[in-house]
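The values are calculated or read from the model by the stated rules, or taken from the named source; none is laboratory data. Keep in mind it's a predicted model, so treat the numbers as computed, not measured. Here the Cβ is made from the backbone with ideal geometry for all residues, glycine too, and neighbour counts use every protein chain on show. These accessible areas exclude ligands, DNA and RNA; they are computed on the full protein's heavy atoms, side chains included. Shrake-Rupley method; radii C 1.70, N 1.55, O 1.52, S 1.80 Å.
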Amino acid sequence: MNRFSGSALAILLTLALLPLHAVAAPLKIVTSIKPITLMVRAIAPESALVTTLIPAGASPHTYQLRPSDRQALADADLIFWVGPDMELFLDRILSSTELAPKSHQLMSEMVIADDQEHRHHDEHENHDSHGSEDGHHHNGVDPHIWLDPEAALGMTTIIEQALVGVADDAPSSEADGIAQRLQQFEAQLNEKETKIRKQLTQLDAVDIFTYHDAFRRFAEHYGMTIAGALTITPEKTPGAKHMQDIQNRLHAAHHPCLMTEPQFNRDWWQSLSEGIDITIVTWDPLASDIADSRNGYVEFQQSLADAALKCLPK
């Protein structure tokens, strides 16, 4: 009995002397949308607890916070979102004194990082043409930045820096692991990009239309052209003039294909396709059906390409 008591005491003393990080609680991370969750999963420690605010089937354009969402934000160690042009419902709450320090507006931070890089080149290499190069990724007009794999890599780099920042008290091996996973993510993304670029050359003879102007980031990265969008703002039904213009484009299109999204009502545009030999496919910019895993974002990129390839004439 005495030997058992001594052993138990020794174990308790050993646990008490362990570094705090050995028994630290896992990181609690909140993301606004599933694609950002997939980026976090690609590089974060396996133990990290990740909560996605917007559920499958909902849209960041129209979502409203629930009490459980507010609690998740309050409990989080880190919060990642695109920015107010996409998730306006988060703008006010994430500006609060409590949440602002742990919140990362990825679109804004990418612009800052990009500007710093350009200034660095201007000072050391005297380049004059950078201003014309970042219109696609950082012009602030199209907030669907996560669809572009190059922009997604920039977002994931910002996520890595934030993860390392809150892991200052963790062993250096943890920060090294995050950095290594980022390198692996970049390599996997580059390999997938090469494959997708070859696949999408088959679509050169197809005129692609989208429900709203969200697919353009992905399309332009791969050299595709979008023939038109049914609506500029997905929250509103477009005016008669715009609808007539789109219908005229559909009639004149070569192998027209309409890519719709599961998050939005489809009823109002059905009449646009009447009398037109058109292919209609669905693509999901929010990755609702993609597994929440380390390879999730790369699989998401392939799902976007697969949706577009369904536009090919039978």
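Below is a table of values for the structure above.
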| item | result |
| --- | --- |
| Highest average packing first - 33-46, 75-88, Cβ atoms within 10 Å | 33-46, 75-88 |
| Solvent exposure ordering (accessible area, 1.4 Å, most first) of Asp245, Asp277 | Asp277, Asp245 |
| Approximate spin-label separation Ala58-Leu309, in nm, with each point projected 7 Å along Cα-to-Cβ | 3.3 |
| Rg/Rh for the range 55-115, where both radii come from Cα atoms and Rh is the Kirkwood radius | 0.97 |
| Sequence of Glu160, Glu174, Glu274, Glu261 from largest to smallest accessible area, 1.4 Å probe | Glu274, Glu174, Glu160, Glu261 |
| Mean Cβ count within 10 Å, highest first, over the residues of peptides 152-159, 25-32, 183-190 | 152-159, 25-32, 183-190 |
| Solvent-accessible surface ranking, highest first, for Phe264, Phe300 at 1.4 angstrom | Phe264, Phe300 |
| Relative contact order (%) - the range 150-265, alpha-carbon pairs under 8 angstrom, separation at least six | 23 |
| Square roots of 5 times each gyration tensor eigenvalue, C-alpha, the range 180-269, largest first, Å | 30, 17, 9 |
| Burial order of peptide ranges 98-111, 203-216 (average beta-carbon count within 10 Å, highest first) | 203-216, 98-111 |
